[in-house]
1. What ranking do Val52, Val364 get, fewest neighbouring Cβ atoms within 10 angstrom at the top?
2. Largest first and in whole Å, give the semi-axes of the stretch 365-430's equivalent ellipsoid, each being the square root of 5 times a Cα gyration tensor eigenvalue.
3. Which entries of Lys86/Lys114; Lys43/Lys101; Lys86/Lys124; Lys47/Lys86 show an alpha-carbon separation above 18 angstrom in the structure shown?
4. In Å and whole numbers, how far do the C-alpha atoms of the stretch 61-196 stretch along each principal axis, longest first?
5. For the stretch 35-85 and the stretch 259-311, compute the distance between their C-alpha centroids and round to whole Å.
6. In which sequence would Thr15, Thr54 go, from the one with the fewest C-beta neighbours within 10 Å to the one with the most?
7. Ordered by packing density, taken as the mean number of other Cβ atoms within 10 Å over each peptide's residues, highest first, how do 39-46, 268-275, 204-211 rank?
8. By the scheme Lys and Arg +1, Asp and Glu -1, what is the net charge of all other residues having a beta-carbon under 10 Å from that of Asn65?
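Since every read-out is calculated from the coordinates, none of them should be taken as a lab result. Please read these numbers as outputs of a predicted model, since none were measured by experiment. Reconstructed Cβ throughout: ideal geometry from the backbone, glycine too, with neighbour counts over all protein chains shown.
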Amino acid sequence: MEKTSINIALAGFGTVGTGLQDILQNNRDWIKKRLGKDINIKKILVKDLNKVRTSIPDPHTIFTNNLEDLTEDPDLDIVVELIGGKTTAYEIISRALESGKSVVTANKALLAEKGPELFNLASKNNLGLYYEASVAGGIPIVQTLKESLAGNRIKSLTGILNGTANFILSEMTHNQIDYDSALGEAQELGYAEAEPSLDVDGFDAAHKLTILIRLAHGEDYPLHMLPIKGIRGIDPYDIGKAKDFGYQIKLLAQVKEKSGSLQAGVFPALIQNDHMLAKVDGPFNAVLLEGNAVGPIMLYGQGAGDLPTGSAVLSDIMSLVNKETGYNNTGFVDSNLPYANMLQAEHTVFKHYFRFTVKDRPGVLSILSGIMGEHNISIAQVVQKQESEGQFVPVVFLTHSAQEKDVQNALQEINELSFVKAPAIHYVIL
């Protein structure tokens, strides 16, 4: 006899878990209309059983602090991992898969580092390991790459994947405040953690990009090989100067095909004001991709929060319920994806923004330009202004496309010059 309800268990009952519960309650009739079944939260794994909870999915829901109550219960159909971290979460997911239960997770850090191993385990047991909520909150980028654009070769993918960093840069750009003030505002509003390194240093976006590279290209680009640079310490001067040139600075995660290799990384970059990603402000996320058949597509929405992320978790649960045969975990027939052919960082090519702080004396511009020319860097624009009293002045260069190894060699030579006050400020231009 066909089951009339699906029993799920939650590992963790924080922001996303309560958001999922709210959606299940508010949209129960609509969900049943689509699935023909009810979804019941049967068990919830929590740390503290004595904590007073104002929100309970159902009077029959069981709260437990015993992991085996989730992984070994034969009446459970799906385990939803929402606790984060890489130790207990790994144990929950692997043990659930080994005991015959499909898994839904929002754990980007774990999938970035242990994804290949967990996908192979899911494939071995013919189970689903779904993870829409791990990237960009409520934006359906995972299913888009796995299914809607499965027939396309993805030529490029560029995303604003961290709402905290984007909020900080938006505040600095539009309200002319410094990095520390913008970070403090983000923390007051709950967009940034008290210890914000994961967000502002680019690691959160890197976890998400690692997952998207697998989906878009069918190759594993190891996280430790990914070039990562965050936004910590970005100077309002450079944001203002970028605006003068018609650009904004955004923290971008990008992968694109280059001469048969994958060029990928997380980095702050100047993008033109009329670029679609320049219009993404505040804590929002967006992904701009180009397929060889479909052309350019942009997905935009809330990258975090209880209901948007809960919506993504629910979409995975419903997809698993609807699967009759086989699971499409990686988006490819073979779950054991090959390592990517990675373009070395020194060979990447971008346009560049440089700011040098130099002594205000004749001949400086000529020397700087000469060194860049010797390293195959062609100058597009240059601005030197006496913007403050003193013997040092800022000089800003925008260049044509140049290879990273030439840029680094030029910067090393310039930074050692006696008339240069401090190391150069450098950003790529998209």
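1. Values: Val52 5, Val364 18.
Fewest to most other Cβ atoms nearby, the residues stand as Val52, Val364.
2. Working: eigenvalues 82, 38, 23 Å².
Listed largest to smallest, the semi-axes of the stretch 365-430 are 20, 14, 11 Å.
3. Values: Lys86/Lys114 9 Å; Lys43/Lys101 14 Å; Lys86/Lys124 22 Å; Lys47/Lys86 16 Å.
Exceeds cut-off: Lys86/Lys124.
4. Extents along the principal axes, in whole Å: 57, 43, 26.
5. The distance from the Cα centre of the stretch 35-85 to that of the stretch 259-311 comes to 34 Å.
6. On the way: Thr15 16, Thr54 5.
Ordered by Cβ neighbours within 10 Å, fewest first: Thr54, Thr15.
7. Details: 39-46: 21.2, 268-275: 17.5, 204-211: 26.5.
The packing order, highest mean first, is 204-211, 39-46, 268-275.
8. On the way: positive: Lys47; negative: Asp48, Asp69.
So the environment of Asn65 carries a net charge of -1.
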